[in-house]
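The values are calculated or read from the model by the stated rules, or taken from the named source; none is laboratory data. In this text the structure is predicted, and so the values were computed from the model without any measurement. Positions of Cβ are backbone-derived with ideal geometry, glycine not excepted, and every protein chain shown enters the neighbour counts.
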Amino acid sequence: MVVVMTLLSQWLGRHLLDRNTPFPDIYLSDLHGQPVPFPDTTQPPQTTLVYLFAPWCSVCRVSMPTLPWVESDNIRIIAIALDWRQKSEVTDMVQSVGYAGTTLLGDPATAKKLNIQGYPSYYVIDKNGAVRFADQGLSTLPGLWLRTRLADW
């Protein structure tokens, strides 16, 4: 079963950014409309889990509430909403699942730059800004936790 799940995960994520490549600079806004560069160079370097979601995605509704359990003093979580029409769709979804972490608003150009073709998608970025892990679809809490801990090894 583990082998099947691993192969399925690799197939689903085949189009994502390559491992060990720099995560591209993207410019987004927060839920209040304030511009936010990512990665934010004003913050100390830190392992980051980038969670890309769509407000209509049922799998995202299930997985998003587990994200805070992965966060720690050394690991930050950034959720980026894609494929939305109105900001209220994003705020309603985030509030309905009880996610209080950082949420940014992306657009079709963001999705294209990050090679996102399905939701949810994940990138684990190491302290140096390189993609260490990439995945698409439902990921378990232990899987996300382990990937974020292994990112800087």
In the list Val50, Val62, Val36, which residue meets the criterion of being within 16 Å of the chain's Cα centre (by Cα), among the aliphatic types (A, V, I, L, M) and in a helix (DSSP H, G or I)? Val62
Would you confirm whether or not the range 42-54 contains a residue that is in contact with a strand residue (DSSP E or B) (Cβ under 9 Å, 6 or more places away or on another chain) and modelled with pLDDT under 90? yes
I'm trying to understand the selection: among the residues of the range 136-153, which are surrounded by fewer than 16 Cβ atoms within 10 Å (Cβ to Cβ) and of a type in the set (S, T, N, Q)? Thr140
Name the single residue that is farthest from the chain's Cα centre (by Cα) among those in the range 119-135 being crowded, with 23+ Cβ neighbours inside 10 Å and under 16 Å from Arg61 (Cβ atoms). Pro120
The one condition Asn115 fails out of (1) within 29 Å of Asn20 (Cβ to Cβ); (2) of a type in the set (S, T, N, Q); (3) without any contact (Cβ under 8 Å) to a residue 24 or more places away in the chain is (3)
Answer with yes or no whether Leu105 is in contact (Cβ under 8 Å) with a residue 40 or more places away in the chain, surrounded by 21 or more Cβ atoms within 10 Å (Cβ to Cβ), of a type outside the set (Val, Ile, Thr) and touching a Ser or Thr at 6+ places or on another chain (Cβ under 8 Å). no
Counting just the residues of the range 96-121 that are of a type in the set (Val, Ile, Thr) and within 16 Å of Pro68 (Cβ to Cβ), which one comes out modelled with the lowest pLDDT? Thr102
Of the numbered conditions (1) among the hydroxyl-bearing types (Ser, Thr, Tyr); (2) without any contact (Cβ under 8 Å) to a residue 24 or more places away in the chain; (3) within 23 Å of Leu150 (Cβ to Cβ), Thr48 fails exactly one; give the number of that condition. (2)
Would you pick out the residues in the range 28-64 that are under 23 Å from Gly143 (Cβ atoms), of a type outside the set (A, V, I, L, M, F, W, C) and surrounded by fewer than 13 Cβ atoms within 10 Å (Cβ to Cβ)? Ser58
